[in-house]
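Written below as structure tokens is the structure these notes are about.
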Amino acid sequence: MQMSISDGSPLSRVSEPRSVNHEDEKTNLALVLDSFKDKYSTFPKERGWMGENLYMYRGYWFTSKTAFAIETTIAMQNTFQAHSTDIYLITQPKAGTTWIKALVFATVNRFKYKTNSLLTHPLRTFNPHKCVPFVELEFLSNFPTYTNQHQPRIFGTHKPYTVLPQSIHDAGCRLVYVCRNPKDILVSWFLFANKMSDRPRVQMTLDEMFEVYTKGLMPYGPYWDHVKEHYKVSLEQPTRILFLTYEEMKRDTPNTVKRLAEFLGCPFSKEEEAKGVVEEITALCSFETLKEVNQLGNYRDGVTNESFFREGKVGGWSKYLTAEMSQTLDDITNENFKGLDISF
Ligand code: A3P
């Protein structure tokens, strides 16, 4: 039983931002999968991550037959309706998706939900993925969801810029991109993926995961193309995409919170800064606070809430990767990011 919130907020009307087993999502997904059956059978195909087939679409690899896969990616492109005020948080899996969702939700909704309230802030009850859903799940839902009751709407996605629904581009929505050292992403992915039990998968050793990762054969991969694409757009259109790294967010979270607020058009007033609101948001969204809130329960079938909060450190890869693996990844990264001001 979730905590009941009685301040007239959307949470007092819905018991949970999104329930674990949404029947409408399943029904709509089945329809999308059916209508796209065979439509991508001619696309380049490789067996990569977790023994699944990956399909290449517009330069990126996608899984198939899930809400986050190639079928919904294509289906959404011309049918999902963005609002000009929407905010999209784009990440590679394990780059800091959960954290940026919490930070943006808390910052944008700070007048609605008092950040320092121990009892009533949604992030003190719900997983950040419930407060800020993936846009794919919104697309598959029949009902007004939690996020629809907030203005602006905030969504997460792992989809690269190139394949975002056209309406997001047309409406000029603001995008926040978070990238992270690929070595930490690889280790985080490896440990997370082998714990997921939402569907049958082939378990992978770290050596196997390293092999496919370096070839870019991961969902939404290649990693390097995903980062470069958003980095370049952020230089060309700085008011459209804010490009952040997990490492700079860790180094100076309050500064990140202020940059987010400015970019999203809700800068902190002098009074708020003096009252310590920035620090309150930082603390509310800290790894330690969120890990404690998310000890129990499932985010979705086979994916526990706590699985999104493992270690939350920079450089933890060194406990897992050999010197040779590290060198290989550094070489690929240096080659790809040559001339770009991206460092970890
Ligand atoms: P580790 O596995 O290295 O600990 P994502 O949210 O994109 O799935 O990424 C998960 C990674 O972000 C995990 O990294 C997780 O521990 C870390 N993380 C989650 N919440 C965080 C927070 N509030 N602050 C810092 N890191 C966080």
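The values are calculated or read from the model by the stated rules, or taken from the named source; none is laboratory data. Remember, it's a predicted structure, so these values are computed and weren't measured experimentally. Quick reminder, even Gly has a Cβ in these numbers, built from the backbone with ideal geometry, and neighbours come from all protein chains shown. Calculation scope for accessible area: heavy atoms of the full protein, side chains included, ligands and nucleic acids excluded. Shrake-Rupley method; radii C 1.70, N 1.55, O 1.52, S 1.80 Å.
To the nearest 20 Debye, how big is the dipole of the stretch 12-336 about its Cα centre, given +1 on the beta carbon of each Lys and Arg and -1 on that of each Asp and Glu? Before the final figure, lay out each step's value.
On the way: 39 positive and 39 negative charges, 106 e Å.
Its charge dipole is roughly 500 debye.
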Discussion item. Highest mean first, how do 258-264, 337-343 rank when packing is the count of other Cβ atoms within 10 Å averaged over residues?
Written reply: 258-264, 337-343
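Once you have the Cα-Cα distance between K65 and N116, take 0.36 nm times their residue separation minus that, and quote the gain in nm to one decimal.
Details: separation 51, 0.36 × 51 = 18.36 nm, distance 4.13 nm.
Using 0.36 nm per residue and subtracting the Cα-Cα distance, I get 14.2 nm.
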Fill in: Inter-site label distance for E23 and K313 at 7 Å from Cα along Cβ, in nm
4.7 nm
Worksheet, complete the sentence: Among T214, W224, P133, the residue whose Cα sits farthest towards the positive end of the charge dipole of the stretch 12-336, when +1 is placed on the Cβ of each Lys and Arg and -1 on the Cβ of each Asp and Glu, is P133
Discussion item. Run the simple label-point estimate for T205 and N334 please: 7 Å along Cα→C-beta, distance reported in nm.
Written reply: 2.8 nm
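Under the rule a/c < 1.5 gives rounded, and otherwise a/b versus b/c splits prolate from oblate, where does the stretch 192-336 land using the Cα gyration tensor?
oblate
For the chain, what does -39500 (n - 2.57) per DSSP helix run (n ≥ 4), summed and divided by total residues, give at 222 nm, in deg cm²/dmol to the nearest 500? Please report the intermediate quantities before stating the final value.
On the way: 16 runs with 138 residues, N = 344.
The helix-only estimate for the chain comes to -11000 deg cm²/dmol at 222 nm.
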Discussion item. For a quick check, take a GNM of the chain with Cα springs below 10 Å and name the residue from A102, A67, A30 with the largest mean-square fluctuation.
Written reply: A30
Practice prompt. Whenever you get a sec, compute what percent of the accessible area on the stretch 12-336 sits on carbon and sulfur atoms (1.4 Å probe).
Written response: 52 percent
Item to complete: Note the full-extension length gain between A283 and K195 as 0.36 nm times their separation in residues minus their Cα-Cα distance, in nm to one decimal.
Response: 28.9 nm
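Lysine pairs in the stretch 248-344 with alpha-carbon atoms under 15 Å apart, 8 or more places apart or on different chains: how many are there?
Details: K250/K258; K250/K313; K258/K270; K258/K275; K291/K313.
Summing the qualifying lysine pairs gives 5.
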Response to the item:
Given the candidates C179, H83, V314, the one whose Cα lies deepest towards the positive end of the charge dipole of the chain, counting +1 at each Lys or Arg C-beta and -1 at each Asp or Glu C-beta, is H83
Discussion item. Looking only at the chain, where both bridge partners belong to it, what percent of the DSSP beta bridges are antiparallel (to the nearest 5)?
Written reply: 35 percent
Fill in: Estimated distance in nm for a label pair at K232 and D170, the labels positioned 7 Å out from Cα along Cα-to-Cβ
2.5 nm
Discussion item. Tell me the per residue accessible area of the chain using a 1.4 Å probe; a whole number in Å² is fine.
Written reply: 44 Å²
Practice prompt. Order these peptides, 268-280, 128-140, by their mean beta-carbon neighbour count within 10 angstrom, highest first.
Written response: 128-140, 268-280
Fill in: Net lengthening on full extension, S326/D34 (0.36 nm per residue, minus Cα-Cα)
100.9 nm
